[in-house]
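First up is the structure itself, then whatever we jot down about it.
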Amino acid sequence: MLNYQDTYKHKGLRLQLVELLKRKGIHNEALLNAMSQLPRHYFLPLEFEQHAYEDKAFPIGEDQTISQPYTVAYQTQLLSIQANDKVLEIGTGSGYQGSTLAMCGANVYTIERHASLSNKALKTIALINQHCGLNIHVNAFIGDGTKGLPEHGPFNKIIVTAGAPSVPKALANQLAIGGILVIPVGQDNQALKMVKLTKLDATQFKTEVLDQFSFVPLIGQNGWQ
Ligand code: SAM
């Protein structure tokens, strides 16, 4: 990991990726700015470094993946992050999505079921802060994210980065009024629908079913068993 550096070549490739994301419909300025600064190659195993700015998912260990940049951008844009929004992320994985949220101004709480991935994500973020002059901070937890983090809620925004069979009630309950939950839902992990839930009041939600994506499964008490 100590061999990582952020070179002009990486910066150039990042800007090309950001241009691609714009062509695909990503327009949120804070998000595009965050993705043009965040060195995605640090979040990947060294052997994938040269592919880090391709719009693709890659393996990160424990049979899990870092999401495709377009997917990260799509989910983040749906959340309409405002400065200091308290955001819960289910599925820390590499830490890339959580770092993107933090760079958009969110106060990030992220939970991962694999301790090894959570620990590695925190090390990656520390290394990026040290090498790249950034000041990324996330609050990381290890456990079953399908239960949320009730002791830290309510959250202005919740993002689930793994495919769920249905929307876990525990997560909807931990949304603040006016809050947004973005989650891929379906029975086939290769063909999930992105669902955006907006909490209108204590009991009512607006539900929008959007585009199709593939994700690794959300495994836990309120997910896949
Ligand atoms: N957001 C990640 C990133 O930026 O690299 C990508 C996440 S990967 C597509 C999905 C992650 O969700 C995996 O790391 C997986 O272990 C995790 N996961 C699956 N079920 C979970 C659960 N119940 N609680 C917490 N994490 C879970």
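The values are calculated or read from the model by the stated rules, or taken from the named source; none is laboratory data. If you're wondering where the values come from, they're calculated on a predicted model, not measured in any experiment. Positions of Cβ are generated from backbone atoms using ideal geometry, with glycine treated the same way; all protein chains shown enter the neighbour counts. Note: accessible area is taken over every heavy atom of the protein model, side chains too, but ligands, DNA and RNA are not part of it. Shrake-Rupley method; radii C 1.70, N 1.55, O 1.52, S 1.80 Å.
A few remarks follow.
- For the chain, diffusion coefficient by Stokes-Einstein and Kirkwood Rh (Cα), 10 °C, 1.306 mPa s, µm²/s: 91
- Most mobile listed residue (GLY95, GLY145, GLY25) in the chain, GNM with C-alpha springs under 10 Å: GLY25
- Within a Gaussian network of the chain (alpha carbon springs, distance under 10 Å), most fluctuating of ASP63, ASP211, ASP85: ASP63
- Kirkwood analysis of region 99-174, using all unique Cα-Cα pairs, places the hydrodynamic radius at 13.6 Å.
- Among ALA202, ALA102, ALA164: highest mean-square fluctuation, GNM of the chain, C-alpha pairs under 10 Å: ALA202
- Surface/4 of the Cα convex hull for region 88-140, nm²: 3.1
- Percent of beta bridges antiparallel (DSSP, region 132-225, rounded to nearest 5): 65
- Between region 62-78 and region 1-54, the Cα center-to-center distance that results, in Å: 13
- Considering only the chain, percent of DSSP beta bridges that pair antiparallel, nearest 5: 45
- Relative contact order (%) - region 60-213, alpha-carbon pairs under 8 angstrom, separation at least six: 19
- On a per residue basis, the chain carries 46 Å² of accessible surface, using protein heavy atoms and a 1.4 Å probe.
- Order by protection proxy (mean Cβ within 10 Å, highest first), peptides 125-135, 167-177: 167-177, 125-135
- Accessible-area composition of the chain, carbon plus sulfur, in percent [1.4 Å probe]: 50
- Amide H contacts under 5 Å for ASP144: none, restricted to partners 5 or more places along the chain or on a different chain, H placed in the peptide plane at 1.01 Å from N.
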